[in-house]
Amino acid sequence: MKLETFNFPARVGTSGDIEPVVRTTQFGDGYTQSTGDGINIEKVSWPLVFVGVWDEIKPIVKFLREHRGYRSFKWRNPMFELGLYQAGKLTMQASGAYFSLSVTFTRAYHP
């Protein structure tokens with residue numbers, strides 16, 4: 001499958017999590033030693049919400065379902081950094097003619 005780009009606009013006000021990947025060893029005398037763990041030094045995730053009528057939400061759902069939670073895609077996060085991401089669980093909410101789609105994008109380090 002070709003590496004695709006996710007270009008749908010998310011709701012304004014998105015916040016993300018950037019967590020360093022650290023390995024810590026605790027010694028018996030209270031001393032701890034910490035170091036970076038691996039070559040991919042951060043876990044990055046962005047919980048996103050998309051709101052609109054079904055005709056606006058449907059292509060987003062189609063794109064994410066085609067990637068099945070494990071296939072990576074390119075996405076430019078709110079800090080304008082282009083990277084590879086994966087999307088897990090989709091949560092849909094219907095309210096009359098409008099739909100709300102919630103999903104978390106997690107940084108991937110492989111295609």
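Among the chymotrypsin sites (Phe, Trp or Tyr not before Pro) in the stretch 13-76, those placed in a DSSP loop whose Cβ has at most 12 other Cβ atoms within 10 Å are F27, Y31, Y70.
Shown in residue order for the stretch 39-48 are the 3J(HN,Hα) couplings computed by the Karplus curve 6.51 cos²θ - 1.76 cosθ + 1.60 at θ = phi - 60°: 8, 9, 7, 9, 9, 10, 9, 10, x, 10 Hz (x for Gly and Pro). In order along the stretch 78-92, phi translates into HN-Hα couplings of x, 8, 6, 9, 7, x, 8, 9, 10, 10, x, 4, 9, 10, 10 Hz, rounded to whole numbers, per the Karplus curve 6.51 cos²θ - 1.76 cosθ + 1.60 with θ = phi - 60° and x for Gly and Pro. Does anyone have the angle between helix 54-67 and the longest principal axis of the chain? Alpha-carbon axes, 0 to 90°, nearest 10? Helix 54-67 and the main axis of the chain meet at about 40 degrees.
If you plug the beta carbon distance of N7 and I39 into 1/(1 + (r/R0)^6) with R0 = 30 Å, you get a FRET efficiency near 0.55. Between Y98 and D55, the simple label model (points 7 Å from Cα in the Cβ direction) yields a spacing of 1.8 nm. Taking amide H as placed 1.01 Å from N in the peptide plane, the amide H of A108 sits under 5 Å from that of L84, Y85, Q86, each at least 5 places away or on another chain.
Quick one: if the Förster radius is 25 Å, what FRET efficiency do Y31 and T106 give, using the C-beta to C-beta distance and rounding to 0.05? Show your work: numbers first, answer last.
On the way: r = 33 Å, r/R0 = 1.34.
So, using R0 = 25 Å, E works out to roughly 0.15.
Taking amide hydrogens as placed 1.01 Å from N in the peptide plane, the amide H of E4 sits under 5 Å from those of K74, each at least 5 positions away in sequence or on another chain. Spelling out what I want: for every residue of the stretch 29-36, take phi, set θ = phi - 60°, compute 6.51 cos²θ - 1.76 cosθ + 1.60 (Karplus), and round to whole Hz; glycine and proline get x. So the J values, rounded to whole Hz, are 8, x, 6, 10, 10, 10, 8, x.
Based on DSSP H segments of at least four residues, each scored -39500 (n - 2.57), the chain has a per-residue ellipticity at 222 nm of -4000 deg cm²/dmol.
Amide H contacts for G69 (H built 1.01 Å from N in the peptide plane; partners 5 or more residues away or on another chain; cut-off under 5 Å): A87.
Rolling a 1.4 angstrom probe over the protein heavy atoms, how many square angstrom per residue are accessible across the chain?
Details: 7730 Å² over 111 residues.
With the other protein chains kept in place, the chain gives 70 Å² per residue.
Hydrodynamic radius of the chain by the Kirkwood approach over all distinct alpha-carbon pairs: 15.8 Å.
The values are calculated or read from the model by the stated rules, or taken from the named source; none is laboratory data. Given the structure is predicted, the values throughout are model-derived calculations rather than measurements. As a convention, Cβ positions derive from the backbone with ideal geometry for all residues, glycine included, and neighbour counts pool all protein chains shown. For the accessible areas, the whole protein counts, side chains as well, though only heavy atoms, and no ligand, DNA or RNA atoms are used. Shrake-Rupley method; radii C 1.70, N 1.55, O 1.52, S 1.80 Å.
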